[in-house]
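S.K.: My questions will all concern the structure given below.
Rule-based calculations on the coordinates, nothing more; no lab input. The structure displayed is predicted, hence computed values, not measured ones. Counting neighbours? That spans all protein chains shown, and the Cβs are built from the backbone with ideal geometry, glycine included.
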Amino acid sequence: MINHLTTDVSNGVQTVRFDRMEAENALTSAMCEAAADAVAFGESSSRVRAILLVGTPGLFTSGHDRLELERFARDGSFGQSVLRLSKTLATIDKPVIAAVDGPVFGFGTTLLLLCDYVVASEWASFAAPFVDIGLTPDAGASLLAPRLLGYHRAFGLLVMGDHFDARQAREAGLVNRVVPPEEVESAGQDAAYSLAAKPPEAVRAVRRLMRGERREVAQRIDQEAASFTELLKSPAARDALQAYIDQQR
């Protein structure tokens, strides 16, 4: 395992696994870089037709690592590795599936908006209260969440700090399928294998038509990062972020 991330390719599916259980699979810069590398490899490899993102039993990812957030606050800018992972997922042609178990927070939730199909366990829950911690959304969520969930649900998730359980996430359109916890990874694999068995050119063509212009999402990711940097010039925003970081210690 390198940088708390493992990868495997089998039957046309590349599995990318977040594996940092001692820290609730919180994503470091190194993990984001490794994940971006893995996804880029999957996009370029003729052996890969679909990409599956998974965590460990009971944990997908809790989002940004606390020390990473401290560095963002100290430097007054967003991490480049986070931008690279987000843009890589936003611009590839091959489909991405996520299998999600347990609580998902912040960047873990917004990453799902960049996926094509999401399987969640009955124990999964989703939150992205960026405003509460003095941040703006990431991963293009300010563009994608209103499109996928509708404006009011997206406002509840990203601004009001609403928490969705698995049933609510499915009703909102964030999740495609809800299964028992012991079945979540196998259900994600089944979906990925099903995709990998379909004619790849047709899958990619339909996906491109459905997702639209990829540059728009990449530009929004940059705009969100610029807004984040601008916010950190405000003492109130820095205080809110620091208060959240202190709670995580």
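S.K.: Which length gain, in nm to one decimal place, applies between D75 and E182 when the Cα-Cα distance is subtracted from 0.36 nm times their residue separation?
M.R.: 34.4 nm
S.K.: Starting from the Cα coordinates of the chain, work out the convex hull volume and express it per residue in Å³.
M.R.: Spelled out: Cα convex hull of the chain, divided by residues, is 110 Å³.
S.K.: With point charges of +1 on the Cβ of Lys and Arg and -1 on the Cβ of Asp and Glu, referenced to the Cα centre of region 39-141, which listed residue (V131, Y117, V96) lies farthest in the positive direction of the dipole?
M.R.: V96
S.K.: Could you calculate the FRET efficiency of A197 with Q168 from 1/(1 + (r/R0)^6), where r is the beta carbon distance between them and R0 is 35 Å, rounded to 0.05?
M.R.: The value I calculate is 0.65.
S.K.: How large is the charge dipole for region 5-182, taken about the Cα centre, if only the Cβ atoms of Lys, Arg (+1) and Asp, Glu (-1) carry charge, to the nearest 20 debye?
M.R.: 460
S.K.: Among R170, R47, which comes first, second and so on when ranked by fewest other beta-carbon atoms within 10 Å? Can you show the working numbers first?
M.R.: Working: R170 17, R47 12.
The fewest-first ordering by Cβ neighbours comes to R47, R170.
S.K.: Right, something else. Of L158, L53, L143, how do they rank once you tally other Cβ atoms within 10 Å and put the fewest first? Working shown, then result.
M.R.: Values: L158 23, L53 27, L143 20.
The most exposed by this proxy come first: L143, L158, L53.
S.K.: R211 label point, 7 Å along Cα→Cβ, cut-off 17 Å on backbone N: hits in region 85-112?
M.R.: 85-99, 110-112
S.K.: Further question on the same structure: Tally the DSSP beta bridges in region 1-146 and give the antiparallel ones as a percent, rounded to 5. Each step should come with its number before you reach the end.
M.R.: Values: 8 of 25 bridges.
Just about 30 percent of them are antiparallel.
S.K.: Give me D65, D93 sorted ascending by neighbouring Cβ count inside 10 Å, so fewest comes first.
M.R.: By the 10 Å Cβ count, ascending, the order reads D93, D65.
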